[in-house]
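Read-outs: derived from the displayed coordinates by stated rules, not from any lab. The model shown is predicted, which means the values in this text are computed figures rather than measured ones. Every residue, glycine as well, gets a Cβ built from its backbone with ideal geometry; the counts of neighbours run over all protein chains shown.
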Amino acid sequence: MGRAMFGRFALSALLTLSLTVPAAAQRMVPRPGASRNIAAACAGVDPASEKSWSTPAPPAHVFGNTWYVGTCGITALLVETKAGLVLLDGGVPEAAPMVLANIRKLGFNPGEVRWILVSHEHWDHAGALAALQKATGAQVIAGPRQMNALMTGKPSSEDPQVPFFKGHDLLPVKVSRTMPDNGRLTVGAVSFTAIATPAHSPGSTSWVWRECEGGLCKTLAYADSVSTPAPDDYHFGDHPKRLGEVREGLAKMARISCDVVITPHPSASDLFRRISGTIPISASNGCFAYAQGGIERFQNRLVVETKSKKPEK
Ligand SMILES: [Zn+2]
């Protein structure tokens, strides 16, 4: 992120800090189909289990005109604008009909979805996109380094997670447009800024936009995953390009000044308790704290790698 962009986010955060909603009770749920307690609806579903990824969740209100339409384990977001709907991610292939059902439960027509934005090019977040694209007629916008994997269904050979994807094909998706780092998509009055955060995957992209509700305006960030899984025998130290990208992606994530952090795995940011109103939806350091967790776990991984490389005595 450029200095000017960072300055703009920092300024917008400062302007809204004093307006942060303190009490959960003040949250509103303006659409009848939205759940008031998605945390309770998904209670008992282990968020760490792959089963949660295809367990249906009710739709729920996040903030302003942003809605949660994903499953109990994987996020999909719907943003209403005056110029149509924007969908961010779709989840696993089995989630496609669940996401469509949630869009309808909120009273929207899936045909109103004009754009689909992508967090990263893995089957558990982009696996539903081919079906969702077909059902909605929407155009997919992706980061330049997501495009090849999405179009071919084959993850980048630079991605250390490739061995984990056996048996989980990503159905090819037609990408209509790429969005460069710091590029913006404006739909109606909402501008989505893409920030390349290549920590979790080479194409990892975070999306930032503003929402207002009851006179309060906040910066929302769909902050991509900050986990850096890799097979045990993969050493980031042997892949300096990937190592540098992970560090760059995590550092850029930490610099995003957001009021509301939303993560592709809802449990990674306690999202359900926040949107159910049990705890505050906002935190002035939400993106920084989220990135910091990823930075610490990655440092620990590097330490383990270094130790495992020491010659046996
Ligand atoms: Zn992933």
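Quick one: which of LEU106, LEU78, LEU88 is within 23 Å of PHE165 (Cβ to Cβ) and either hydroxyl-bearing (Ser, Thr, Tyr) or touching a strand residue (DSSP E or B) at 6+ places or on another chain (Cβ under 7 Å) (or both)? Going through LEU106, LEU78, LEU88 in turn, the sole match is LEU88. For region 119-166, the helices (runs of 4 or more DSSP H) that sit wholly inside it and include 3 or more residues that are more than 9 Å from the ligand (Cβ to nearest atom) are 129-136, 144-152.
The rows are residues; the columns are (1) touching a helix residue (DSSP H, G or I) at 6+ places or on another chain (Cβ under 6 Å); (2) among the charged types (D, E, K, R).
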residue: HIS200; (1), (2): no, no
residue: LEU216; (1), (2): no, no
residue: SER276; (1), (2): yes, no
residue: ILE279; (1), (2): yes, no
residue: ALA283; (1), (2): no, no
residue: PHE288; (1), (2): yes, no
residue: GLU296; (1), (2): no, yes
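Output yes when any residue across region 138-149 is among the charged types (D, E, K, R), surrounded by fewer than 24 Cβ atoms within 10 Å (Cβ to Cβ) and in contact (Cβ under 8 Å) with a residue 24 or more places away in the chain, and no when none is. Yes, the conditions are met somewhere in region 138-149. The residue of region 249-307 that is nearest to THR219 (Cα to Cα), among those that are of a type in the set (D, E, K, R) and buried (at least 20 other Cβ atoms within 10 Å of the Cβ), is ASP259.
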